[in-house]
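The values are calculated or read from the model by the stated rules, or taken from the named source; none is laboratory data. Predicted model only: the values in this text are computed from it and were never measured. Positions of Cβ are generated from backbone atoms using ideal geometry, with glycine treated the same way; all protein chains shown enter the neighbour counts.
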Amino acid sequence: MDNFSFHNPTRIEFGTGKEQFVGQHLAEHGIKKVLLCFGSDRIKRDGLFAVVIKSLGAHGIEFVECGGIVSNPVLSKVREAIALARVQQVGAILSVGGGSVLDSAKAIAAGVLYDGDVWNLFLGTAPIADALPVFDILTLAATGSEMNNGAVITNEATKEKFAILSPHLFPKFSIINPALMKTVSRDYLVYSAADIIAHCIEGYFTATVQPRFQSRLVEAIINTVIETTETLLADPDDYNARAEFAWASTQALNGLIHAGTAGYGYPNHMIEHSLSALFNVPHGAGLSVVMPAWMRWYRDRNPGQFARFAKNVFGLDTAEQGIAALEKWFDKIGTPTRLSQLGITAADLPATIENVLGNAQQFGLAERYTRDVVTLILNNAL
């Protein structure tokens, strides 16, 4: 086990009705005015918006609406929201939505207090010295952004999907009420399952130091996701399954599964970010395509861990059986496993490869993920 420091400052409020207390929690932090970020008007139709603003009003907290944040959030919206937040002189950002809304909220929070263009923070040409405090009410479990310090945004002009990381971006609190997630569509449920599994396998397979304890945590999360996804597909109203799915999602990317590990990367995300940036495919759908193709290329570099995965997740004997079982499960639940299912053809590969190679520089993986390697993996996914 490698040396590590683990500190996660995000407070989690988990359970039914917790969103009713958002105003109280903000008041405890001395917040007087928030930029209220959300996606579609679904939160207004479902009544969640009314609950939130009632709670804010009860504690004298003003709000400024910032709706219309899309899945695969874009830089232009972040820039628009930064300008709005500055004009309105808000003291915090409140996200009500899924990971796309929350990632946008984090980028806005950092951008408001930075004098230059916020994209510089994603390029790494300027540090994140400070950020407005971020708070959130989660309505979709997948990204783990509710308990981590990262955010991912797409620059639609340059077709680049990059990330920022900073201790200033941990949410101060996150409200997770699984009941708010029962209206998530079937498609986005299965895409979310793929996203969570991808968060788990990146370090599990690529780390040069991977303690057995951490591997067991990963396997527990994946097994929980598989079990609860199947339950929710059969019965979307099963609260306990929804709750376990949501909490597993949070655990997959809050730093816990990487504590004590070393030498890991995020190659599946590196490749998928190009699919999202170029073709605007749902992130989880892109990952369910990339993962089996990448695993078949990578398996001989860590055969023991792939055999462990096959045994402890699917009860099988060999690395290839485990990969095939994961791919078969993706097919079973209805998330894509081939690029063609995303409308991506062989003719699209040259531009995709170039984009991935740019991502490899950002991810620090350019030495291993050469043009030949990326070409092989993407051809495996056709």
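Among the helices (runs of 4 or more DSSP H) confined wholly to the stretch 276-377, which include 3 or more residues that are more than 29 Å from K159 (Cα to Cα) and touching a residue at least 40 places away in the same chain (Cβ under 8 Å)?
Values: elements: 283-298, 303-314, 319-333, 349-363.
Of the helices (runs of 4 or more DSSP H) lying wholly inside the stretch 276-377, those with at least 3 residues that are more than 29 Å from K159 (Cα to Cα) and touching a residue at least 40 places away in the same chain (Cβ under 8 Å) span 303-314, 319-333.
Which residue pairs have Cβ atoms closer than 8 Å, lie 6 or more positions apart in sequence or on different chains, and pair a first residue in the stretch 138-161 that is in the same structural domain as F21 (by TED's automatic domain parsing) with a second residue that is part of a strand (DSSP E or B) and among the aromatic types (F, W, Y)?
Every condition considered, the pairs that remain are V152/F162; I153/F162; N155/F162.
Run I222 past the list (1) buried (at least 16 other Cβ atoms within 10 Å of the Cβ); (2) under 20 Å from G263 (Cβ atoms) and report the number of the one that doesn't hold.
(2)
Return the pair list, or none, for Cβ contacts closer than 6 Å from residues in the stretch 222-245 that are touching a residue at least 40 places away in the same chain (Cβ under 8 Å) to residues that are part of a helix (DSSP H, G or I) and of a type in the set (S, T, N, Q), at least 6 apart or on different chains.
That search, which allows pairs on different chains as well, returns F245/T228.
Of these, T352, T318, T335, which one is in contact with a helix residue (DSSP H, G or I) (Cβ under 7 Å, 6 or more places away or on another chain) and closer than 18 Å to R371 by Cα? Quick ask: steps written out before the conclusion?
Details: T318 fails: closer than 18 Å to R371 by Cα; T335 fails: closer than 18 Å to R371 by Cα.
Result: T352 is the single residue among T352, T318, T335 that is in contact with a helix residue (DSSP H, G or I) (Cβ under 7 Å, 6 or more places away or on another chain) and closer than 18 Å to R371 by Cα.
Tally the residues that are among the hydrophobic types (A, V, I, L, M, F, W, C) and touching a Phe, Trp or Tyr at 6+ places or on another chain (Cβ under 8 Å), restricting the search to the stretch 197-212. Full working, then the answer.
Step one: list which residues in the stretch 197-212 are among the hydrophobic types (A, V, I, L, M, F, W, C), which gives 197-198, 200-201, 205, 207, 209.
Subsequent filtering for residues that are touching a Phe, Trp or Tyr at 6+ places or on another chain (Cβ under 8 Å) retains 201, 205, 207.
Here the count works out to 3.
Taking the stretch 179-193, which residues are more than 17 Å from V290 (Cα to Cα), among the β-branched types (V, I, T) and crowded, with 19+ Cβ neighbours inside 10 Å?
Within the stretch 179-193, just V184 meets the criteria.
As an exercise: evaluate L36 against (1) in a loop (DSSP other than H, G, I, E, B); (2) assigned by TED's automatic domain parsing to the domain that holds L132; (3) among the hydrophobic types (A, V, I, L, M, F, W, C) and give the number of the one condition it does not meet.
If we test L36 against (1) in a loop (DSSP other than H, G, I, E, B); (2) assigned by TED's automatic domain parsing to the domain that holds L132; (3) among the hydrophobic types (A, V, I, L, M, F, W, C), just (1) comes out false.
This table checks each residue for (1) in contact (Cβ under 8 Å) with a residue 24 or more places away in the chain; (2) touching a strand residue (DSSP E or B) at 6+ places or on another chain (Cβ under 7 Å).
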site	(1), (2)
S5	no, no
T10	yes, yes
F14	yes, yes
H29	yes, no
V34	yes, yes
C37	yes, yes
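Taking the conditions exactly as written (assigned to a helix (DSSP H, G or I), under 20 Å from the mean Cα position of the chain (by Cα) and modelled with pLDDT of 95 or more), does I108 satisfy them or not? Before the answer, list the steps.
Values: assigned to a helix (DSSP H, G or I): yes; under 20 Å from the mean Cα position of the chain (by Cα): yes; modelled with pLDDT of 95 or more: yes.
Yes, satisfied.
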